[in-house]
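Please read the structure below before turning to the comments.
The values are calculated or read from the model by the stated rules, or taken from the named source; none is laboratory data. The shown structure was predicted, so the numbers you read here are calculated from the model rather than taken from an experiment. In this analysis, Cβ positions are derived from the backbone assuming ideal geometry, glycine residues included, and neighbour counts consider all displayed protein chains. Quick note on the areas: whole protein, heavy atoms, side chains included, nothing else; ligands and nucleic acids left out. Shrake-Rupley method; radii C 1.70, N 1.55, O 1.52, S 1.80 Å.
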Amino acid sequence: MTDLRQAHDATREIAAAALGHDPGPMTTAESSSHHVYVSSDVVVKIIDADGHARLNREIALAPHLPAGLAAPLLGSGLHRLGTYDVRYACYTRVPGTAPGMGMPGIDGVTARALAEDAVQRLDRLHSWIPAAPIDQMLREPLDHGGFTSQAALFSEVENLAALDRHKTIPRRLIDGLAAIAERAPQQAQAVVPVHADCHWDNWLVHDRRVTALLDFEWARFGEPADDWFFLARFSGPHTQTVLDVISQETMTPLETLRAECEVREATYLASDLCIALKHPDTSSRMAAERLHALEELVVERYWWCHTQ
């Protein structure tokens with residue numbers, strides 16, 4: 001377990017080495033899986049060296065991504081922290097702040113402009129043809145919890161029903177997931193590079209313009225809809241606006257877009273609820289949040305009835 005006081009001191013050393021000068025005051029930034037420290041010039045992410053290896057994927061990708069898409073990588077590696085090692089990645093701090101989940105406080109005109117910027121940047125990612133070593137890495141199996149096939153979704157729904165021994169999930173919601181699986185495509189395609197986690201906490205915005213897309217740890221080959229789902233679902237009251245922008249910018253019929261987002265949300269919710277049922281002592285909050293989202297998905301038919 002990382003010692004936070006030691007981590008702060010180590011982060012300053014890492015930043016100073018990357019910048020060639022003292023980084024100045026560094027503050028912590030919220031992260032669910034890393035310790036993240038930020039100064040006016042630099043951002044440093046660290047994680048225990050024996051923790052999950054997704055940061056390695058992000059580090060490997062960083063020098064090869066389309067220019068201007070992500071924050072530039074200044075350095076990476078292992079750093080000794082007391083009696084153990086931490087893995088780190090050090091980035092140039094790009095101007096801007098994250099709009100946040102649900103885009104709180106953002107007006108409709110700004111939400112449309114940001115969505116247009118984001119879709120155009122995602123199109124650059126989806127159009128990118130990575131060289132052989134990166135291509136191979138992006139095709140490696142990754143337990144991302146997203147949609148892969150109709151059969152896999154059916155299997156996850158059946159697994160969820162079996163795990164729910166105390167019947168905490170109403171049967172109508174399980175049946176609703178199965179109905180979505182009935183309408184799902186037979187197979188997802190692995191045709192373009194996708195970010196696969198591009199909700200609004202992972203974008204930076206400055207002067208009403210997108211400046212960077214962050215956190216490429218879940219990047220892989222997939223379908224463009226794998227990213228469109230995250231962009232639209234976490235836009236709060238602007239979901240319909242964002243769906244309209246995606247439809248217009250990508251020439252995807254709205255009905256097709258809604259169906260693609262619906263099956264992806266069903267898959268993520270089924271996967272997350274299975275995890276929550278397996279680990280009830282540590283996942284109660286996640287379970288409550290996902291159960292609420294499942295109610296929206298199945299009963300309120302979120303993707304078909306959501307309006308501004």
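For the reader, a short list of remarks on this structure follows.
- Scaled against the 2.2 N^0.38 Å expected of a compact globular protein of N residues, the Cα radius of gyration of the chain reads 1.04.
- Going by accessible surface with a 1.4 Å probe and the largest first, His35, His206 read His206, His35.
- Exposed loop sites are taken as trypsin sites (Lys or Arg not before Pro) in a DSSP loop (any state but H, G, I, E or B) with at most 13 other beta carbon atoms within 10 Å; the longest stretch of the chain without one runs 1-138.
- Tilt relative to the chain, helix 4-19 - C-alpha long axis, 0 to 90 degrees, to 10: 70 degrees
- A simple charge model with +1 on the Cβ of Lys and Arg, -1 on the Cβ of Asp and Glu and nothing else charged puts the dipole of region 119-162 at about 260 debye relative to its Cα centre.
- With contributions of -39500 (n - 2.57) from each DSSP H run of at least four residues, the per-residue ellipticity at 222 nm computed over the chain stands at -14500 deg cm²/dmol.
- Exposed-site-free run, longest, the chain (rule: GluC sites (Glu not before Pro); DSSP loop; at most 14 other C-beta within 10 Å): 31-299
- At the listed q of 0.12 Å⁻¹, the Debye profile of region 44-139, built from one uniform point per Cα, gives log10 I(q)/I(0) equal to -0.55.
- 11 Å beta-carbon shell around Val245, net charge (K/R +1, D/E -1): -3
- Other residues whose C-beta falls under 15 angstrom from the C-beta of Glu140 contribute a net charge of 0, scoring Lys and Arg +1 and Asp and Glu -1.
- Neighbours of Ala151, meaning other residues whose beta-carbon lies under 13 angstrom from its beta-carbon, give a summed charge of -3 when Lys and Arg score +1 and Asp and Glu score -1.
- Principal-axis tilt of helix 171-183 within the chain, Cα atoms, nearest 10 degrees: 90 degrees
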